[in-house]
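Here is the structure we will look at.
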Amino acid sequence: MNSTDDDDWLAALAGRPREGMAPGTRAEALCLREALREQQTSAPIPVSAADTERLLAAARAQGLLAGSCRSCEALRAFWQGLRSPRRLSLTAGLGFAVLMLLVQMPRVDKDQAEEPALRGEAVQVLRDADPAARRERVAALLTQEGVAVRRYERLGRLGLDAQIPPPARARLSDQLARAHGLRIDADGGLRLEVEVP
């Protein structure tokens, strides 16, 4: 389906079929709409808490259910407590926050894992058709001068952090500017990320 088909399908599902929509899309949406409307008309049979307890007691008496244990009761109380809208939204929010933290954690090459992250003043972004090769060219230039380089990947961008010691700054500053258009921060830090254009 394309976006027009999706819009037509949703309109038909809402009970407002559009003129000129595909017959298959129209039939599918109207069929689903009718099935959903039939589901809504059949009301659930109300069951009281007393009826539920009486049924559970009868099942325990016949040996169909083992007696309840404290951990089961605690777990049941915990899950029932999560069913309240406030706690459910809080739990969902915390889960989303943890997920976002995991997604944004940088991946570090295994051989670079023990080196500390070095941060300069600003991230310089390079665009290259082959980001890995470009990052490795810059890393090779730095390692030739004895500079420790930390490679990482964050959100699809390959990155590199380096702290350039004072003796090598003058030489590397010219080479990095000419070859890659990079500049070294005032404190000797170099931080760059390479992405596909």
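Structure summary
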quantity	calculated
Label-point separation in nm, VAL103 to SER84, each point 7 Å along Cα→Cβ	3.0
Helix axis angle, 3-13 relative to the chain longest principal axis, alpha carbon, degrees	20
Spread of Cα-to-Cα distances over 5 Å intervals beginning at zero, given as percent, for the chain	1, 6, 9, 10, 7, 6, 6, 6, 7, 8, 8, 8, 7, 5, 3, 2, 1, 0
Rounded tilt (10° steps) of 49-61 against the dominant C-alpha axis of the chain	90
Value of relative contact order over the chain, rounded to a whole percent, pairs C-alpha under 8 Å and six or more apart	18
Net charge, ASP5 excluded, C-beta distance under 14 Å - Lys, Arg +1, Asp, Glu -1	-2
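None of the figures in this text is laboratory data; all of them are computed from the coordinates on show. Values in this document were obtained by computation on a predicted structure and should not be read as measured data. Glycine also receives a Cβ, built like all others from the backbone with ideal geometry; neighbour counts cover every protein chain displayed.
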